[in-house]
Amino acid sequence: MEKPVLFCATSNAGKLREFRSAAAGSLTIETLPGLADIRVPEETGNTFEANAILKAVYYGGFTDGMILAEDSGLEVEALGGAPGVYSARFAGAGATDETNNALLLEKLQGVTDRRARYVCVIALARRGVMIGTYCATVEGEILTERRGNSGFGYDPLFYYPPFGCTFGEASMEKKQTVSHRGEAVRRMIGCLNAREC
C-alpha cells in the first residue's frame, strides 16, 4: 500500500532528514514543489506556534495537498528563554551554526545554571486552512564547549543526560528516539491515524 504524501515547507536539509526519519513507515514527506521559487514569509510571531501556523497557512496556499511547516529552536533558562524564536538568527542575519554557537557560549560565560530545552511546533494545513499543531520538547543543558560533529544547530552544545553525550555526539538514529522534531511528527501522525485532525 502506497504511503500518503505530506509536503514540507523547509529548505533546511537537517530538519527534512529528521522529519523523514520520524515518519518512515507511515508517511512520505516531500519538499513542497517549487519551494525555492516562493518568497519566504516574514516570521513575525513571538512564539514557535505562531510562526509555524503563519508558515503552514502561507505555504498551504501553494498546494492542494496537506503541508507541514514548523518552527523550532533552543530555549535557555539563564537567558530568559532566549534565543527562542530567534535561534536560527541569534547572531544576526546570515548567522551560521558556528556564529550562533559562539554567541551562546559567550552569553553563558560564568553562568552555572545551564538548563535548556529544544522546542518544536509543527503546524499542519490544507489549502491554507489550519488542521492542527503538535508540540514537543526535550530537556538538556548547554556545555562550555562543543562536542561532536553530528546533527546541526546547537546540537554540539546540547548535552542530553540520559545519553551521557551531546546531540552532536549521538547518532541520527539515537537522537531521533527523543528528538523534539521526531516526537512532534509522531504526535501529528498519531492524530492523523486516529482521524482526530
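The values are calculated or read from the model by the stated rules, or taken from the named source; none is laboratory data. Small disclaimer: the values here were computed from a predicted structure and weren't measured. Backbone-built Cβ (ideal geometry, glycine too); neighbour counts: all protein chains shown. In case anyone asks, the SASA skips ligands and DNA or RNA and just uses the protein heavy atoms, side chains included. Shrake-Rupley method; radii C 1.70, N 1.55, O 1.52, S 1.80 Å.
I need a count of the residues in the stretch 64-81 that are without any contact (Cβ under 8 Å) to a residue 40 or more places away in the chain and under 17 Å from residue 121 (Cβ atoms).
Our first condition is that a residue be without any contact (Cβ under 8 Å) to a residue 40 or more places away in the chain; within the stretch 64-81, this holds for 77-81.
Subset that is under 17 Å from residue 121 (Cβ atoms): 81.
Matching residues across the stretch 64-81 total 1.
Do you know which of the residues in the stretch 121-134 that are open to solvent by 60 Å² or more (accessible area, probe 1.4 Å) and among the aliphatic types (A, V, I, L, M) is modelled with the lowest pLDDT? Can you show your working first?
Taking the stretch 121-134 as the starting set, the residues that turn out to be open to solvent by 60 Å² or more (accessible area, probe 1.4 Å) are 126-127, 129-130.
Those left that are additionally among the aliphatic types (A, V, I, L, M): 129-130.
On the way: 129: 89, 130: 93.
So, considering only residues that are open to solvent by 60 Å² or more (accessible area, probe 1.4 Å) and among the aliphatic types (A, V, I, L, M), the one modelled with the lowest pLDDT is 129.
For residues in the stretch 29-43 being surrounded by 13 or more Cβ atoms within 10 Å (Cβ to Cβ) and in contact (Cβ under 8 Å) with a residue 24 or more places away in the chain, which is nearest to residue 180 (Cα to Cα)? So that I can check it myself, show each step before the final result.
Within the stretch 29-43, the first condition is being surrounded by 13 or more Cβ atoms within 10 Å (Cβ to Cβ), and the residues that meet it are 29-32, 35, 38, 41, 43.
When the remaining residues are screened for being in contact (Cβ under 8 Å) with a residue 24 or more places away in the chain, the result is 29-32, 35, 38, 43.
Details: 29: 17, 30: 20, 31: 20, 32: 22, 35: 24, 38: 27, 43: 20 Å.
Per the criteria, the residue is 29.
So is residue 123 within 17 Å of the chain's Cα centre (by Cα), without any contact (Cβ under 8 Å) to a residue 60 or more places away in the chain and under 30 Å from residue 60 (Cβ atoms) or not?
Values: within 17 Å of the chain's Cα centre (by Cα): yes; without any contact (Cβ under 8 Å) to a residue 60 or more places away in the chain: no; under 30 Å from residue 60 (Cβ atoms): yes.
No: the conditions fail for residue 123.
Suppose we keep only residues that are β-branched (Val, Ile, Thr) and closer than 28 Å to residue 5 by Cβ within the stretch 147-195. Which one would you say is most open to solvent (accessible area, probe 1.4 Å)? Steps first, answer last, please.
Taking the stretch 147-195 and keeping what is β-branched (Val, Ile, Thr), we get 166, 177-178, 185, 189.
Checking which are closer than 28 Å to residue 5 by Cβ leaves us with 177-178, 185, 189.
On the way: 177: 91, 178: 35, 185: 0, 189: 15 Å².
Of everything passing the filter in the stretch 147-195, 177 is most open to solvent (accessible area, probe 1.4 Å).
Could you count how many residues in the stretch 126-165 are β-branched (Val, Ile, Thr) and more than 17 Å from the chain's Cα centre (by Cα)? Full working, then the answer.
Filtering the stretch 126-165 for residues β-branched (Val, Ile, Thr) gives 129, 131, 133, 137-138, 142, 144.
Now narrow it down to the ones that are more than 17 Å from the chain's Cα centre (by Cα): 129, 131, 142, 144.
Of the residues in that region, 4 qualify.
Yes/no per residue for (1) modelled with pLDDT under 95; (2) open to solvent by 20 Å² or more (accessible area, probe 1.4 Å); (3) part of a strand (DSSP E or B):
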residue	(1), (2), (3)
81	no, yes, no
93	yes, yes, no
102	no, yes, no
105	no, yes, no
113	no, yes, no
119	no, no, yes
136	no, no, yes
139	no, yes, yes
145	no, yes, no
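For residues that are assigned to a helix (DSSP H, G or I) and within 16 Å of the chain's Cα centre (by Cα), tally how many sit in the stretch 19-59. It would help to see each step written out before you state the result.
To start, the set of residues in the stretch 19-59 that are assigned to a helix (DSSP H, G or I) comprises 19-23, 35-37, 48-59.
Checking the rest, the ones that are also within 16 Å of the chain's Cα centre (by Cα) come to 19-23, 48-56.
Going through the stretch 19-59 one residue at a time, the tally reaches 14.
Take the stretch 1-15 and flag every residue that is at pLDDT below 90 and outside any loop (DSSP other than H, G, I, E, B). Steps first, please.
Kept after step one, since they are at pLDDT below 90, are these residues of the stretch 1-15: 1-5, 11-15.
Within the stretch 1-15, 5, 13, 14, 15 meet the criteria.
Which of (1) part of a loop (DSSP other than H, G, I, E, B); (2) over 18 Å from residue 16 (Cα atoms); (3) touching a strand residue (DSSP E or B) at 6+ places or on another chain (Cβ under 8 Å) is the odd one out, the single condition residue 62 does not satisfy?
(3)
For the stretch 148-189, which positions are modelled with pLDDT of 90 or more and assigned to a helix (DSSP H, G or I)?
174, 175, 180, 181, 182, 183, 184, 185, 186, 187, 188, 189, listed by residue number.
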